[in-house]
Amino acid sequence: MALFSPMNTALSEAAKAAERGEVPVGAVLVHRSTVIAQSGNRIVELSDPTAHAELLVIRMGCALLDNPRLQECDLYVTLEPCAMCAQAISFARIRRLYFGAYDVKGGGVENGPRLFQQPTCHHRPEVVGGISEKECAEMLQAFFKERR
């Protein structure tokens, strides 16, 4: 029997996103050891280029806690966040970011602009990359291979 982990839940959300024809990225927001929001990408479904999984769970978490700051929250996401999502993570004051696959082309944390390393970044969460990296990367690779 597998133990519960927020990254497994994020992977499940990513799989659901793929079933909807979305790029399979899933995110889970944890507040004080309790999952308070989870979602996969909904860009196509909502016709919204900002409907990334990370932004959706941040919005849900802020609404649930009635607070624009999520200082006691940790975010788990299956793919390294893009620059847009990294900036939102900073603005929301997320405590820790855990992500799966690295995104050499579109990442904004360890790749690309490396937002949290910029002197103008107001809040830098703790960051741990490579969590369930193989599973996260394989899901993305299979999704794009199917469409080529």
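For segment 68-87, the count of residues that are in contact with a Lys or Arg (Cβ under 6 Å, 6 or more places away or on another chain) and under 15 Å from VAL25 (Cα atoms) is zero. Being out of contact with any His (no Cβ under 6 Å at 6 or more places or on another chain), surrounded by fewer than 16 Cβ atoms within 10 Å (Cβ to Cβ), among the polar types (S, T, N, Q) and on the phi < 0 side of the Ramachandran plot, is that true of even one residue in segment 26-42? Taking every residue of segment 26-42 in turn, at least one turns out to be out of contact with any His (no Cβ under 6 Å at 6 or more places or on another chain), surrounded by fewer than 16 Cβ atoms within 10 Å (Cβ to Cβ), among the polar types (S, T, N, Q) and on the phi < 0 side of the Ramachandran plot.
Being open to solvent by 70 Å² or more (accessible area, probe 1.4 Å), within 29 Å of GLY21 (Cβ to Cβ), touching a residue at least 12 places away in the same chain (Cβ under 8 Å) and of a type in the set (S, T, N, Q) is a description that does not apply to GLN71.
In segment 33-50, the residues that are under 14 Å from LEU11 (Cα atoms) form Cβ pairs under 8 Å with partners that are assigned to a loop (DSSP other than H, G, I, E, B) and open to solvent by less than 50 Å² (accessible area, probe 1.4 Å), at six or more places apart or across chains, as follows: GLY40/GLU22; GLY40/PRO24; GLY40/VAL25; ASN41/GLU22; ASN41/PRO24; ASN41/VAL25; ASN41/ALA51; ASN41/HIS52. Of the set (1) open to solvent by less than 20 Å² (accessible area, probe 1.4 Å); (2) free of Cβ contacts under 8 Å to residues at least 24 places away in the same chain, all apply to LYS145 but (1). Which fully enclosed helices (runs of 4 or more DSSP H) of segment 1-99 have 2 or more residues being over 20 Å from PRO113 (Cα atoms) and touching a Phe, Trp or Tyr at 6+ places or on another chain (Cβ under 7 Å)? Fully inside segment 1-99 and qualifying: 6-19.
In segment 109-137, the residues that are free of Cβ contacts under 8 Å to residues at least 40 places away in the same chain and of a type in the set (S, T, N, Q) form Cβ pairs under 7 Å with partners that are part of a loop (DSSP other than H, G, I, E, B) and loosely packed, with under 14 Cβ neighbours inside 10 Å, at six or more places apart or across chains, as follows: ASN111/VAL104.
Could you check segment 102-139 and list, in sequence order, the residues that are in a helix (DSSP H, G or I), of a type in the set (A, V, I, L, M) and surrounded by fewer than 20 Cβ atoms within 10 Å (Cβ to Cβ)?
Kept after step one, since they are in a helix (DSSP H, G or I), are these residues of segment 102-139: 115-117, 133-139.
Those still in the list that are of a type in the set (A, V, I, L, M) too: 115, 137, 139.
Selection gives ALA137 alone.
Regarding CYS82, is this residue open to solvent by 10 Å² or more (accessible area, probe 1.4 Å), at pLDDT 95 or above and closer than 19 Å to ILE43 by Cβ? Taking the combined requirement at face value, the residue satisfies it.
The values are calculated or read from the model by the stated rules, or taken from the named source; none is laboratory data. Everything numeric in this text was worked out from a predicted model, so none of it was measured. Quick reminder, even Gly has a Cβ in these numbers, built from the backbone with ideal geometry, and neighbours come from all protein chains shown. Please note that ligands, DNA and RNA were not included when accessible areas were found on the heavy atoms of the full protein model with its side chains. Shrake-Rupley method; radii C 1.70, N 1.55, O 1.52, S 1.80 Å.
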